[in-house]
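The values are calculated or read from the model by the stated rules, or taken from the named source; none is laboratory data. These figures come from a predicted structure and were not determined experimentally. No Cβ is skipped: glycine too gets one built from the backbone with ideal geometry, and neighbour counts run over all protein chains shown. Side chains are part of the model used for accessible areas, which takes the heavy atoms of the whole protein and leaves out ligands, DNA and RNA. Shrake-Rupley method; radii C 1.70, N 1.55, O 1.52, S 1.80 Å.
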Amino acid sequence: MSLPEVIEALLESNGIQYELLESEQCSSFYEDAKQLKIPLHELVRGIVIESLGQKRMLILRAEDLLDFASLNTIYGNSINIVANYQTLIVGCEAESRIPVPAIQNIEIVADKAVLNSDVIYIDAGIKGSYLRLSGEDFRGLNESATLGEFSCSAEKLQSIVRNDESETSNLKSITPLRIQQRVQETLDLPAMPVIAQEVMRLRVDPKAGASELSKIVSQDPSLSAQVISWANSPYYGYQGKINSIETAISRVLGFDLVLNLVLGISVGKSLYVPTDGPIGLQAYWRQSVYCATLSEKLCSFISGKNRPQRGLVYLSGLLHNFGQLLLGHLFPPQFYLINSYVAMNPHIPVVDIERYLLGISHVEVGALLMESWNMPSELTEAVRF
C-alpha cells in the first residue's frame, strides 16, 4: 500500500524520512497499535472538537487522558466532540486524523507533551496505516500548530488512582470528601423499591414458586412486558404459546432467572439517570444484560460443589456496574462530566476517570448501596470488585 500523494509529496518536499506500518486486521486505533507494537506514548491521536461554531483538531499522546476541564479554561464550556467529522484531504480516508497543519483545513492544537518524543507515529491517511517519523521532523511539520496543555499523563493518572485507593486524594478534584460523605449517609441513598423488597422476600422463601413471582411481576406493566419479551426470544427457542407471566416463568425462563432479572431491573428503575452517553442508561443496560447472560453461561460450565447459584451469578452480572446509576442519580452534573471524559478517552478505564474527577468510583458507591439494601454478600463483592 502506498501513501496518499498529498502526504508523500509533503514529506519529500521537506526531506523527511519515514517508515510506513500497515495493520493486517485494521480493527481499531488501539488494536492497530497493539498489533504493530507501537508504544502508546509515541502514538498521536487526534480528536475534533467544536466550540462556538469553530472546529479544531486536538492532538495528544494516545496513552494520555484528554482533560476536559483544561479545555474549558481555553475555549469555554461550549465544547462538543465532532465524532463524525470527515477529512477532506484527497486520497485519504474520511475518518483519518492526520496531525499536520499544512494539509488540514482546520486549526490543529497540539498538546505540549506530544512534541517531546524522539519518535512519533501518526495516522497515515489510510485505515490501519501509520507513519513513523523522528520527533524533530514531527515538530517541524507542526511549527504552525497552536500549542496548549490539556492532557494528564498516564503516569500521573495512575499515581492519582493509586493514592485515591489508599489515602484521601490530594487531587484538585470535585470535592471527593464531600461526595464520599454524602454517599455514606444513608438518608441520601435511595430506598429499595417496593417490588424489589417483595422479590427479596421470595428469595428466602423455600415454598415460593412461579405463581407467587408472577403476582409480583404483574404489578408492573413494563416488567411484565419485558419478561414476556424474554420468554419469546429466539435465544430460548420455546415453540409453544406464552399467554401469561406464570407460563413464561414455569415453562421457559425458570423461577431463579426471572426472580433475579426482575430484581435487577426494578432496583435500576428507582434511579433517575441520563439516557445518552457512553455510560448513560441505554449503554448501561445493554452492557449489563450482555454481562449477565455471559456470566450465567460461563457458570454452567463449572461443575461440582464450586459452582455458585446461577441466578446469583446472573444478578451479579446485571448489577456489577450499578454504582454508575447511583452516581448519575446523586450527582447529575458530575455524571455528565464523566460521560464527556469517557467519550474523549475511550482507552482509559472508567473507574480511573471517576477517581480522577471525583476521588471515588462507581464500584465503591455501588457496594455501599448494596450493603445499605442488605443484598447478598456475594453480590456486594461482585459490585465492589
Options 43, 88: the member that is farther than 20 Å from residue 339 by Cβ and under 22 Å from the mean Cα position of the chain (by Cα): 43
Kindly establish whether residue 318 is part of a helix (DSSP H, G or I) and open to solvent by less than 10 Å² (accessible area, probe 1.4 Å). yes
Residue 35 is checked against (1) open to solvent by less than 40 Å² (accessible area, probe 1.4 Å); (2) farther than 28 Å from residue 149 by Cα; (3) not in a loop (DSSP other than H, G, I, E, B) and fails just one. What number does that condition carry? (1)
Has the range 71-89 got any residue that is touching a residue at least 60 places away in the same chain (Cβ under 8 Å), surrounded by fewer than 18 Cβ atoms within 10 Å (Cβ to Cβ) and at positive phi? no
So in the range 274-311, with the set limited to residues that are open to solvent by 40 Å² or more (accessible area, probe 1.4 Å) and of a type in the set (D, E, K, R), which one is farthest from residue 323 (Cα to Cα)? 305
Any chance you could count how many residues in the range 271-308 are closer than 18 Å to residue 376 by Cβ and touching a residue at least 40 places away in the same chain (Cβ under 8 Å)? 1
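Among the residues of the range 1-26, which ones are open to solvent by 70 Å² or more (accessible area, probe 1.4 Å) and within 11 Å of residue 128 (Cβ to Cβ)? First the steps, then the outcome.
Applying the first criterion (open to solvent by 70 Å² or more (accessible area, probe 1.4 Å)) to the range 1-26 yields 1-2, 5, 12-14, 17-19, 22, 24-25.
Result: 1, 22, 24, 25.
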Being under 20 Å from residue 202 (Cα atoms), out of contact with any helix residue (DSSP H, G or I) (no Cβ under 6 Å at 6 or more places or on another chain) and surrounded by fewer than 20 Cβ atoms within 10 Å (Cβ to Cβ) narrows it down to one of 270, 250, so name that one. 270
Based on what the data block shows, is residue 336 buried (at least 24 other Cβ atoms within 10 Å of the Cβ) and over 18 Å from residue 270 (Cα atoms)? no
Return the residues of the range 188-221 that are open to solvent by 50 Å² or more (accessible area, probe 1.4 Å), part of a helix (DSSP H, G or I) and either in contact (Cβ under 8 Å) with a residue 12 or more places away in the chain or of a type in the set (A, V, I, L, M) (or both); say none if nothing qualifies. 188, 194, 203
